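Notes follow the structure.
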Amino acid sequence: MSLKVCKFGGSSLADGNNISRVTEIIGSEPARRFVVVSAPGKRYSDDTKVTDLLYACYQECVEKGSCADTFQKIRRRFHSIVSELGMETFDIESILNETERAIEENKSADFTASRGEYLNARIVAAKLGWAFVDAKDIIFFDKNGRFDESRSYPLIEKTLSASGCAVVPGFYGTGADGKIKTFSRGGSDISGSIVARAMNADVYENWTDVSGFLACDPRIVDKPEKIETISFKELRELSYMGANVLHADSIFPVRKGDIPIRIKNTFRPQDSGTLILPSKKYVKSGNIVTGIAGKKDFTVIFLEKSMMNSEVGFARKVLSILEQDNINFEHMPSGIDTLSLVIESKYLANGMLDKLLEQIQAAVHPDYLRVLENIALVATVGHGMASNVGTSARLFTALSDAGINIRMIDQGSSEINIIVGIDNADYEKCIRAIYAEFFRKDKAAI
Ligand code: ASP
């Protein structure tokens with residue numbers, strides 16, 4: 001029988017009515033047998049997520065030794081969820097009392113934050129009449145704080161298979177010290193992916209409040225196209241550059257298992273969403289470009305030195321300075337006698353830029369050292385780009401027609417992306433110009 005592992009995000013589970021919607025979705029397909037849930041998210045734009053209330057509880061505990069004030073708000077949220085779901089016989093009060101006591105005893109930020117998922121999973125499991133399987137018993141981290149595959153996968157498989165159908169709280173597991181440990185924020189996406197991989201699901205459905213990925217930021221381009229299918233590789237490039245629907249780390253477990261992800265909208269379950277496919281299963285969509293994403297506020301340090309190419313260790317010397325200063329570089333385009341470092345400007349604040357330039361000067365004596373600040377990077381991503389002659393010509397012509405000065409170009413070696421560096425001020429214009437070239441023009445031509 002086919003198997004779908006489903007993860008529902010915080011907005012899909014923000015109140016009892018939404019949870020009812022979710023249980024209907026789960027019940028509508030027998031293949032949906034294992035469900036991973038987030039904590040209740042925002043019900044309206046200035047509402048507070050339960051996870052944020054829990055972090056505030058932890059703070060209150062640290063300051064006052066008790067979290068009674070903030071925990072009261074959490075009590076109210078869960079009581080209203082249970083009553084909206086008509087679960088009068090479900091004893092949420094005892095579970096909440098126990099949770100409040102445990103938060104005060106544990107005095108741990110991770111334990112406290114994890115309780116939103118824990119409580120929600122208990123409720124969803126009871127509503128469905130399914131087993132509740134605590135993530136602490138099946139998801140483990142190693143002593144370096146990384147997800148421990150070899151310990152977790154067999155346990156997940158064994159426990160969930162035995163339960164038949166189960167609800168698992170997302171976002172946390174057990175650390176090497178035996179204590180609850182969370183993933184980074186938004187980490188239930190990772191938990192869902194782990195469960196999908198362990199169970200060798202046919203698909204990992206990630207249910208959220210949008211009908212999939214858009215080809216670019218809708219705040220910049222009016223009603224951009226939705227992406228029907230995208231490969232893991234393309235998604236990685238786009239999410240790295242700021243496009244976010246899924247937690248960036250969540251693709252790794254399913255990607256290794258060749259399991260596709262489908263992004264679905266809880267509020268429009270009839271929509272097809274976006275299908276994220278492993279490269280092997282990827283079917284070309286017909287579009288040359290799949291998506292466009294970008295980020296502002298980079299600094300480019302441009303070095304030139306004659307015969308740089310024959311100076312063994314030149315790049316290593318430069319990069320080891322960055323390593324010493326604990327600065328992450330984003331890209332490093334290079335030519336025969338030139339090398340550029342593209343770094344997020346936030347790493348270079350408070351005198352760090354001057355210090356870095358002095359260190360580079362002393363270490364490699366470049367003939368020329370120049371800095372470009374306030375640079376935005378825009379990535380144009382698509383498998384179709386490698387096989388279509390003239391794609392970069394079209395991209396650069398579109399930018400020059402829009403009067404945009406390209407300050408830097410970097411093409412990934414996989415040939416599925418071209419990144420341009422432009423002035424921050426041209427960022428929106430640049431995305432609109434690329435979108436118009438590869439989506440509006442191509443559509444108009446069909
Ligand atoms: N509830 C956690 C957060 O708000 C994890 C998640 O929702 O994925 O970050």
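The values are calculated or read from the model by the stated rules, or taken from the named source; none is laboratory data. Remember, predicted model here, so these are calculated numbers, not experimental data. No Cβ is skipped: glycine too gets one built from the backbone with ideal geometry, and neighbour counts run over all protein chains shown.
Points to keep in mind about this one:
- Selected residue (criterion: surrounded by the fewest Cβ atoms within 10 Å (Cβ to Cβ)) from residues of the range 104-131 that are at pLDDT below 95 and part of a helix (DSSP H, G or I): Glu105
- Scanning the range 44-59 for residues that are over 21 Å from the mean Cα position of the chain (by Cα) and touching a residue at least 12 places away in the same chain (Cβ under 8 Å) returns Asp47, Leu53, Leu54, Ala56, Cys57, Tyr58.
- Unique match (being acidic (Asp, Glu), closer than 26 Å to Glu373 by Cα and buried (at least 17 other Cβ atoms within 10 Å of the Cβ)) among Glu323, Glu330: Glu330
- Just one of the listed residues (Asn244, Asn309, Asn265) is of a type in the set (S, T, N, Q), over 22 Å from Val420 (Cα atoms) and surrounded by fewer than 17 Cβ atoms within 10 Å (Cβ to Cβ), and it is Asn309.
- Ile92 surrounded by 13 or more Cβ atoms within 10 Å (Cβ to Cβ), within 16 Å of the ligand (Cβ to nearest atom) and among the β-branched types (Val, Ile, Thr): no
- Scanning the range 21-40 for residues that are part of a loop (DSSP other than H, G, I, E, B) and within 16 Å of the ligand (Cβ to nearest atom) yields a total of 3.
- Selected residue (only one of His383, His365 is at pLDDT below 95 and closer than 23 Å to Leu303 by Cα): His365
- Condition met for Leu238 (closer than 30 Å to Lys429 by Cα and assigned to a loop (DSSP other than H, G, I, E, B)): no
- Filter result for Leu356 (surrounded by 21 or more Cβ atoms within 10 Å (Cβ to Cβ) and touching a residue at least 60 places away in the same chain (Cβ under 8 Å)): no
- Test: residue in the range 25-46 that is more than 19 Å from Thr266 (Cα to Cα) and of a type outside the set (Lys, Arg): yes
- Residue count, the range 397-410 (criterion: assigned to a helix (DSSP H, G or I), of a type in the set (A, V, I, L, M, F, W, C) and without any contact (Cβ under 8 Å) to a residue 24 or more places away in the chain): 0
- Flag if Leu13 is buried (at least 23 other Cβ atoms within 10 Å of the Cβ), within 27 Å of Leu275 (Cβ to Cβ) and within 16 Å of the ligand (Cβ to nearest atom): yes
- For the range 306-333, a residue qualifies if it is in contact (Cβ under 8 Å) with a residue 60 or more places away in the chain and either in a strand (DSSP E or B) or closer than 20 Å to Asp410 by Cα (or both), and the qualifying residues are His331, Pro333.
- Strands (runs of 3 or more DSSP E) contained entirely in the range 136-193, each with at least 2 residues that are within 16 Å of the ligand (Cβ to nearest atom) and touching an Asp or Glu at 6+ places or on another chain (Cβ under 6 Å): 180-182
- Output for the range 43-73, where each listed residue is within 14 Å of the ligand (Cβ to nearest atom) and among the small types (Gly, Ala, Ser): Ala56
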